[in-house]
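Shown next, in structure tokens, is the structure this report addresses.
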Amino acid sequence: MTTSPGAPSGGQDERLEPRPRAGEAEERIYRSLTPRSARHFAESRRYLPGGDSRSPLFHHPYPVALAEGHGCRLTDIDGNQLLDFTGNHTALPLGYGHPDVIEAVQRQLAAGTCFPGTTRPQLHLARLLCGRIPSLEQVRFTNSGTEATMNAVRAARAFTGRPKIAKIDGGYNGTWDEAMVSTHPPAGFAPDRPDAVAASAGLSPRSTEAVVVLPFNGFEATSRLIEQCRGDLAAVIVEPVLGSAGMIPAQRSYLQMLRELTDKHDILLVFDEVVSFRVSHGAAQEHFRVYPDLTCLGKAVGGGFPLGVFGGRRDVMAAFDPTGPGGPLIPHPGSYNANPISLVAGATTLELLTTQAIGRVNTLGQTLRDRVQQTITDAGIPAQATGLGSLFGIHLTPRPVQTARDAAAADRHLLTALFLALFAQGVLIDPRGVGCLSTALDEEDIGEFLTALDTVIRRWTAHPSTV
Ligand code: PMP
């Protein structure tokens, strides 16, 4: 086994000759399996920068082009069958094309896709969500998680009259300007005061000034930073499980500390549960027993259709109420806001996502994490399997992963090799090494994943020079 230059090494790595690049054999096999995806990528690049409209889907050497999904099985345009552990990056907790969701959507399609008026599906899903998540007194619907977090933060600013927000180093809360600050911190231990770094070109120059960056699970530094900036802070926004940074759960006491500090200083606590919603019937806040002022949802709550939700305290949400004399404090237009197609797909999904269904898939998730950890480390490869419930992250690093910086310090080249090697075995995870389980999976499917992983790891240990 070899690791890429500069990556942390451990175990038997030092004994082996360095290789030019991890994963060359995997790349060759991937290319041989996906010639149509390769041509599709080349053609798409003529019309779309990078051949696509969703940056994180890109991976070396080119992304797979997908044709169909049913349950937990995907087919790409070359005809490869893939056992799916992405659920479109956590958006499909029931798997692809659940018949009940399809039926509900077809019924709604026949009735109409969008209207210039409110609808019964809107009331139904709002009631369902407020019943399910007790911290939600009122909600509003958007078309994406990005719009949900943006509106929640706007509401917090309007409510407190303060200008800044605190967000997590390496946390991802969507693509509006301040959310795109410090989404990809460099590797290494989180410093006591992480810089606010623009993660994209083209942000408003004031974005970084408006953001205080907190180290995830970093108790002392977080507490000091909040105390220092308390007079300026409208909100602290945090993912209870850091999602795209690697499925890293917060420590319960960290969330509790955030709750106490924000209460003490009249700062609003916002949970971004776009990814972590699926962890428990009442979202991750129920699992951690820490309740925010505002919650943002997306992905799974739309059951595979575009939907975002933000909501929480009635006094904060009142800013969106247009019935007062001056109209709403915060206007919230949107041509497809609360479109009934997404709402019926979401409601049907939530009705099927019962406590029992979540419990079953969470147990499968725990088995998967335990066995992944064991399989990789037994082979002498340093690894950490993180996650919670049906969410998992694989980090090829010897150090425990508590922050996005710990995750960024892992061996990325080897991870790409693992992603490509699993693909060749018929298993799809997110190229960033994260994934999730849908209720369409059963024990046998988990066994299939573990056999695929075992095959890859055995080959790597038997022929380390090919990796
Ligand atoms: N918050 C989190 C935690 C997310 O993972 C995402 C999407 N990956 C978003 C917000 C933004 O959601 P959307 O892609 O629907 O805009």
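Each reported figure results from applying straightforward, stated rules to the coordinates on display, with no laboratory input. Bear in mind the structure is a predicted one, so any value in this text is a computation, not a measurement. Cβ: placed from backbone, ideal geometry, glycine included. Neighbour counts: every protein chain shown.
Points to keep in mind about this one:
- Taking a Cβ cut-off of under 13 Å around residue 79, the surrounding Lys, Arg, Asp and Glu residues balance to a net charge of -1, with basic ones at +1 and acidic ones at -1.
- Based on C-alpha pairs under 8 angstrom that are at least 6 apart in sequence, region 283-347 has a relative contact order of 33 percent.
- Pairwise label distance in nanometres, residue 47 with residue 127, each label 7 Å out on the Cα-Cβ vector: 4.4 nm
- Residue 55 paired with residue 158, simple spin-label distance in nm, labels 7 Å along Cα-to-beta-carbon: 2.8 nm
- For region 43-146, applying the loop criterion from DSSP together with a ceiling of 14 other beta carbons within 10 Å to the GluC sites (Glu not before Pro) yields 137.
- 10 °C / 1.306 mPa s Stokes-Einstein diffusion coefficient of the chain, Kirkwood radius on C-alpha pairs, µm²/s: 69 µm²/s
- The label point for residue 454 and the one for residue 221, both projected 7 Å from the Cα toward the Cβ, are 4.1 nm apart.
- Shape class for region 55-148, computed from the alpha carbon gyration tensor (a ≥ b ≥ c): prolate, with a/c not under 1.5 and a/b above b/c.
- At R0 = 25 Å, FRET efficiency that the Cβ-Cβ distance of residue 68 and residue 251 yields, to 0.05: 0.05
- Residue 228/residue 373 FRET efficiency (R0 41 Å; Cβ-Cβ; nearest 0.05): 0.60
- Electrostatic bookkeeping for residue 264 treats Lys and Arg as +1 and Asp and Glu as -1; over the other residues with beta carbon under 10 Å from its beta carbon, the sum is -2.
- Dipole of region 99-352 [Lys/Arg +1, Asp/Glu -1 at C-beta], most positive-end residue of 153, 250, 180: 153
- Ratio of Rg to Rh over region 384-467 (Cα coordinates, Kirkwood Rh, two decimals): 0.97
- If R0 is taken as 41 Å, the Cβ-Cβ distance between residue 109 and residue 201 corresponds to a FRET efficiency of 0.55.
- Averaging the Cα positions of each part gives two centres, and for region 103-121 and region 20-95 these lie 32 Å apart.
- Straight-distance crosslink candidates among aspartates and glutamates, where the alpha carbon sits under 16 Å from residue 264 and sequence neighbours closer than 8 are dropped: 227, 232, 293
- Charge sum, other residues only, whose C-beta stays under 12 Å from residue 147's C-beta, Lys/Arg counted +1 and Asp/Glu -1: +2
- Length gained on full extension, residue 102 to residue 336: 82.3 nm, using 0.36 nm per residue less the C-alpha separation.
- Spatially proximal lysines relative to residue 299 (Cα-Cα < 22 Å; intrachain offsets below 8 disregarded): 167
- Relative contact order for the chain, counting Cα pairs under 8 Å that sit 6 or more residues apart, in percent: 24 percent
- 222 nm mean residue ellipticity, helices alone, for the chain (DSSP H n ≥ 4; -39,500 (n - 2.57); rounded to 500): -12000 deg cm²/dmol
- Projected area averaged over orientations for region 99-352, convex hull of C-alpha atoms, nm²: 13.8 nm²
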